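Below is one structure, written out as structure tokens; the observations come after it.
What follows draws every value from the coordinates through simple rules; no lab data is involved. Quick caveat: nothing in here was measured; it's all calculated off a predicted structure. When we count neighbours, we look across all protein chains shown, and the Cβ atoms used for this are built from the backbone with ideal geometry, even at glycine.
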Amino acid sequence: MKAVVCSSFTGPADLRVAEIDEPKLGGDEILIDVHAASVSFMDQLLVSGLYQMRPQTPFVPGTEASGIVAAVGDKVTKFAPGDRVACSNWIGGYAERMTAKESKSVRLPDGVAFETGASVLHNYGTAWYALVERARAQRGETLFVTGAAGGIGLAAVDLGRHLGLRVIAGVGSDDKAALVRGYGASDVVNYRSEDLRDRIKSITSGEGIDIGFDNVGGAIFEQMARLMKWSGRLMPIGFTGGTIPSVPMNLPLLKNYSIVGVFAGAWAEKFPGEAARANDTLMQLLAEGQIRPHVDRVLPLEQASEAMHAVASRTVQGRIVLKIR
């Protein structure tokens, strides 16, 4: 089968399309004829050797895909060949066929395009785990999202709106403001051209934020640590800015707020039943039009390297999707 192959942790430029053997099917897995696969910042980190895990090389990158079930393992009960599905795995999505755990797969609603279906589980799954499971977000609370026009950030904006939160979107350029407003942000802050602390204090009348959803890290997270309300929840999601922040611990002490870690992938591994229920809920919301995954562009499999470069340079709004069939 045709697949994108990473042979060394030297970045997207060294990825190659090659013919490789099909993956072996485990008892609790399904084999998918992949139609579309999304491109995430995590994928780019993984092939660059910058993620917290390193698969054995060579490997096929790709954490999320959609397609049609070709075969099922002998322990699988929820799926049968011919089912339309979305699925996630640590690797394997940039290929004509991939395997995924039954617990990490979900039926794709009728009428939902494969390109859209490939951009739900990672983005909205992370946002759901953060806002619903970890922050226990309550209607009317104020949510500030950094990297708000990216895949996970935009999902947090969209899901935050659905949950009845007041959403403030943080972006790095003004051309992203219209998109995040269209997804439910009531206010937008450009933290590259505006003083973040002054703007948040102005928007919230000096009260600060209940929930901080940070994709960027570095100085932005450190500023957010000074903008939390009493009993707030400050959540590190990722560090796309490249710097892991440090926070003086007197700050959460003084306002009794919590710093809450969010690693959705590890949660799905440790609590597969809970993660599967969340995926079912997200697909129901998708079918009802309550959430709207945003696909920035669709590229052929052969342009996986270009797609990763675009993600790394922050020129993508929502998700890039690779069309494989």
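Points to keep in mind about this one:
- Applying both filters, DSSP loop and at most 11 other Cβ atoms within 10 Å, to the trypsin sites (Lys or Arg not before Pro) of the range 85-177 gives Arg136, Arg139.
- Residue exposure proxy: Asp28, Asp280, ordered by other Cβ atoms within 10 angstrom of their Cβ from fewest to most, comes out as Asp280, Asp28.
- Prolate/oblate/rounded label for the range 120-183 (Cα gyration tensor, a/c 1.5): oblate
- Long pairs among Lys2/Lys176; Lys2/Lys78; Lys24/Lys78; Lys176/Lys229; Lys104/Lys201; Lys78/Lys176, criterion Cα-Cα beyond 31 Å: Lys2/Lys176; Lys104/Lys201; Lys78/Lys176
- Net charge of the neighbourhood of Gly265, taken over other residues with C-beta under 13 Å away and scored Lys/Arg +1, Asp/Glu -1, is 0.
- Expected 222 nm ellipticity per residue - DSSP helices of 4 or more, -39500 (n - 2.57), all of the chain, to 500: -7500 deg cm²/dmol
- Ascending count of other beta-carbon atoms within 10 Å, so fewest first, for Leu50, Leu322, Leu45: Leu50, Leu45, Leu322
- Relative exposure of Glu207, Glu115, judged by other C-beta atoms within 10 Å (fewest first): Glu207, Glu115
- Placing unit charges on each Cβ (+1 for Lys and Arg, -1 for Asp and Glu) gives the chain a dipole about its Cα centre, and among Pro245, Ile30, Ser305 the Cα reaching farthest toward its positive end belongs to Pro245.
- Anisotropy class of the range 97-155 from Cα gyration tensor, a/c 1.5 cut: prolate
- For the pair Glu306 and Glu22 in one chain, pulling the backbone fully straight at 0.36 nm per residue adds 99.8 nm over the alpha carbon distance.
- Cα-based shape type of the chain, given that a ≥ b ≥ c are square roots of the gyration tensor eigenvalues and the cut on a/c is 1.5: prolate
- Cα pair distances of the range 123-264 binned at 10 Å [whole percent]: 13, 50, 35, 3
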